[in-house]
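Visitor: Here it is: the structure, laid out below.
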Amino acid sequence: MKILPLSLKNLARKPGRTAALVLLTAFLALAVFGGSVVILSLRTGLQSLEARLGADIILVPSEAQSKVSFQNMFLQGTTGAFYMDAAVADKALEVPGVEKAAPQTFLASLKADCCSIKIQVIGIDPAKDFTVQPWIARSLTGDMGDMDVVVGCRVEAGIGEIIRIYEQRCKVVAQLEPTGTGLDIAVYCNMHTMDTLLAAAEAKGVSHKIASGDDSVISAVYIKVKDGYDIDTVNTALTGKLRKVTAVRTRSMITGVSDSLAGVSRTVSAMTVVIWILAFIILLLAYTLVVRERTREFAVLRLIGASRGMLGRMALLESAMCGLGGGIAGTGLAAIGVFSFSALIESSLGLPYLFPGIGTILLLAAGTVLLSIAVSALASAFAARRLSRVQPGTALREGN
C-alpha cells in the first residue's frame with residue numbers, strides 16, 4: 001500500500017475540507033511573511049539612513065526646527081528650504097575637534113516636468129562633501145558639471161534626460177541607489193548650479209534672502225568630528241560659537257527614528273505571534289475534527305493491513321501537503337501586497353523603508369513555507385495521536 005497516492009486521493013476526495021486547511025495555513029504564512037518583510041525593511045531603511053547621513057553633527061538655522069522640518073526632509077521627503085550665512089561653514093572649522101565641514105543648500109522646486117510632485121533640490125560642494133558625494137561616485141564616472149544633476153531613485157527621469165527646474169534646463173547624469181528615505185525623491189547638483197537655480201527662483205518670487213542681506217547662503221553644514229574628541233563637547237562648542245544656528249547630533253535624530261522603529265517592530269511582532277497561536281489552535285481543532293470524521297476510514301485501512309505507523313505517516317503527509325500549498329499561497333499573496341503597496345506602507349509609517357536584498361527575501365519566503373509545513377504537521381501529529389488508541393473493531397461498531 002503506497003502512502004503518497006492514497007494521500008493525494010484523500011485530499012482530492014474532500015476538496016472543501018482540503019481547501020479550508022490550505023486557507024488556514026495560507027493565513028498564517030501571509031501574516032508571518034508580510035510582517036517579517038515589513039520589519040526587515042524598516043531596519044534596512046534605518047541602516048541606510050545612518051550610512052547616508054555620514055556626519056556626527058548637522059548645523060541648521062534655528063528656524064529650521066531641526067527635529068521637525070529638517071528630519072522630515074530625510075524621512076518623508078517633505079520639501080523645504082531655510083538659509084543661513086555661508087560663512088557658517090568656515091567658522092565651524094575653527095572649533096576645536098571639527099575635522100570636516102560640508103555645506104549644503106536646499107531649494108524646494110515648483111512642480112518639475114519630470115515629477116508629479118514637488119522635489120527637493122540639494123546643492124553640494126563635491127570637493128568638501130563627504131556624505132552624498134561617495135554615493136554619487138558609485139553611479140557617476142567623472143565630475144558633476146554645471147547644470148548637471150543626480151537624481152534619487154524615485155525621481156521619474158532617466159539618465160541623459162533634461163528636466164526643468166525653475167525654467168532652467170538640467171541634465172540628469174546619474175541616478176542614486178534606493179535609500180528608503182526622503183532622499184530618494186531629491187535632486188543633487190553642485191553649488192554653481194544651485195546659484196543659478198536660486199537666482200531663477202528669486203526671479204519667480206521664491207526668495208532665499210536672509211536677514212543679514214548676504215547673497216551667499218547655505219542651508220546646512222555636515223560636521224565630521226576628529227578622532228579622540230567627544231561629539232557632545234564639540235556640539236556644545238559649535239552652539240556657543242555660532243549664533244542663530246542649531247547643532248543637531250545625527251545620533252539623536254537616528255535614535256528617535258530607532259525608537260519609533262522599535263515600537264512598530266514590537267507591535268508587528270506581537271500581532272504575528274498572536275496570529276501564530278490562533279492559527280495553530282484553529283489548525284489543531286480542524287485536524288482533530290478531520291481525524292474524528294475519518295475514524296471508520298482508518299479502521300477499514302487497519303483491517304486490510306495498514307499499520308498504525310503507516311496511518312500516522314499518511315496523516316502527516318496530507319497535512320504537510322496542505323501546509324505546502326497554504327505556505328506558498330500565503331507567501332505569494334503577502335509578497336504581492338507588500339511589494340505593490342510599499343509606497344503606501346512607507347508613507348503610513350513615516351519611517352525609512354527599504355526592502356532587504358533579494359537573497360534575504362527568498363530565504364525568508366522559504367523559511368515561511370517550511371514553517372507552514374511544520375506547524376501543519378505538528379497540529380496533525382497532536383490530533384493523530386487519537387488514532388493509536390482506537391481499535392478497528394470498536395470504530396466500525398460505533399459507526400454502524
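The values are calculated or read from the model by the stated rules, or taken from the named source; none is laboratory data. Only a predicted model underlies this, so the values are computations on that prediction, with no experimental measurement involved. When we count neighbours, we look across all protein chains shown, and the Cβ atoms used for this are built from the backbone with ideal geometry, even at glycine.
So that you can scan it fast, the table gives a plain yes or no per residue for (1) part of a loop (DSSP other than H, G, I, E, B); (2) modelled with pLDDT of 90 or more; (3) more than 28 Å from Pro96 (Cα to Cα):
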| position | (1), (2), (3) |
| --- | --- |
| Gly205 | yes, no, yes |
| His208 | yes, no, yes |
| Asp214 | yes, no, no |
| Ile223 | no, yes, no |
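Visitor: What are the residue pairs meeting all of these: first residue in segment 229-243, first residue touching a residue at least 12 places away in the same chain (Cβ under 8 Å), second residue in a loop (DSSP other than H, G, I, E, B) and of a type in the set (D, E, K, R), Cβ atoms under 9 Å, and 6 or more apart or on different chains?
Guide: Once the first residue is touching a residue at least 12 places away in the same chain (Cβ under 8 Å) and sits in segment 229-243, its partners that are in a loop (DSSP other than H, G, I, E, B) and of a type in the set (D, E, K, R) give Ile231/Asp56; Val234/Asp56; Val234/Lys226; Asn235/Asp56; Lys241/Glu94.
Visitor: Against the definition (under 26 Å from Asp90 (Cα atoms), in contact with a helix residue (DSSP H, G or I) (Cβ under 8 Å, 6 or more places away or on another chain) and surrounded by 19 or more Cβ atoms within 10 Å (Cβ to Cβ)), how does Ile223 come out, yes or no?
Guide: Details: under 26 Å from Asp90 (Cα atoms): yes; in contact with a helix residue (DSSP H, G or I) (Cβ under 8 Å, 6 or more places away or on another chain): yes; surrounded by 19 or more Cβ atoms within 10 Å (Cβ to Cβ): yes.
Yes, satisfied.
Per-residue answers, yes or no, for (1) among the aliphatic types (A, V, I, L, M); (2) closer than 22 Å to Ile58 by Cβ; (3) surrounded by 15 or more Cβ atoms within 10 Å (Cβ to Cβ); (4) out of contact with any Ser or Thr (no Cβ under 9 Å at 6 or more places or on another chain):
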{"site": "Arg164", "(1), (2), (3), (4)": "no, no, no, yes"}
{"site": "Ala174", "(1), (2), (3), (4)": "yes, no, yes, no"}
{"site": "Asn190", "(1), (2), (3), (4)": "no, yes, yes, yes"}
{"site": "Ala199", "(1), (2), (3), (4)": "yes, no, no, yes"}
{"site": "Gly205", "(1), (2), (3), (4)": "no, no, no, yes"}
{"site": "Ser219", "(1), (2), (3), (4)": "no, yes, yes, no"}
{"site": "Gly228", "(1), (2), (3), (4)": "no, yes, no, yes"}
{"site": "Ala237", "(1), (2), (3), (4)": "yes, yes, yes, yes"}
{"site": "Leu242", "(1), (2), (3), (4)": "yes, yes, yes, yes"}
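Visitor: Hand me the list of helices (runs of 4 or more DSSP H) wholly inside segment 246-344 holding 1 or more residues that are at pLDDT 80 or above and aliphatic (A, V, I, L, M). Quick ask: steps written out before the conclusion?
Guide: Numbers: elements: 250-293, 295-303, 308-340.
Hits in segment 246-344: 250-293, 308-340.
Visitor: Scanning for something in contact with a helix residue (DSSP H, G or I) (Cβ under 8 Å, 6 or more places away or on another chain), at pLDDT 65 or above and outside any helix (DSSP H, G or I), does segment 379-389 turn up at least one residue?
Guide: Keep residues of segment 379-389 that are in contact with a helix residue (DSSP H, G or I) (Cβ under 8 Å, 6 or more places away or on another chain), which gives 379-384, 386-388.
From what is left, the residues that are at pLDDT 65 or above are 379-384.
Still in the list and also outside any helix (DSSP H, G or I): none.
No.
Visitor: So, one more: If you take the residues in segment 267-285 that are touching a residue at least 40 places away in the same chain (Cβ under 8 Å) and farther than 16 Å from Ser376 by Cα, which one is surrounded by the most Cβ atoms within 10 Å (Cβ to Cβ)?
Guide: Residue satisfying both the conditions and the ranking: Thr272.
Visitor: Further question on the same structure: Residues to consider are Ala19, Ala64; find the one that is among the hydrophobic types (A, V, I, L, M, F, W, C) and either part of a loop (DSSP other than H, G, I, E, B) or closer than 20 Å to Ala186 by Cα (or both).
Guide: Values: Ala19 fails: either part of a loop (DSSP other than H, G, I, E, B) or closer than 20 Å to Ala186 by Cα (or both).
Selected residue: Ala64, the only one of Ala19, Ala64 that is among the hydrophobic types (A, V, I, L, M, F, W, C) and either part of a loop (DSSP other than H, G, I, E, B) or closer than 20 Å to Ala186 by Cα (or both).
Visitor: Leu351: in a loop (DSSP other than H, G, I, E, B) and modelled with pLDDT under 85, yes or no?
Guide: yes
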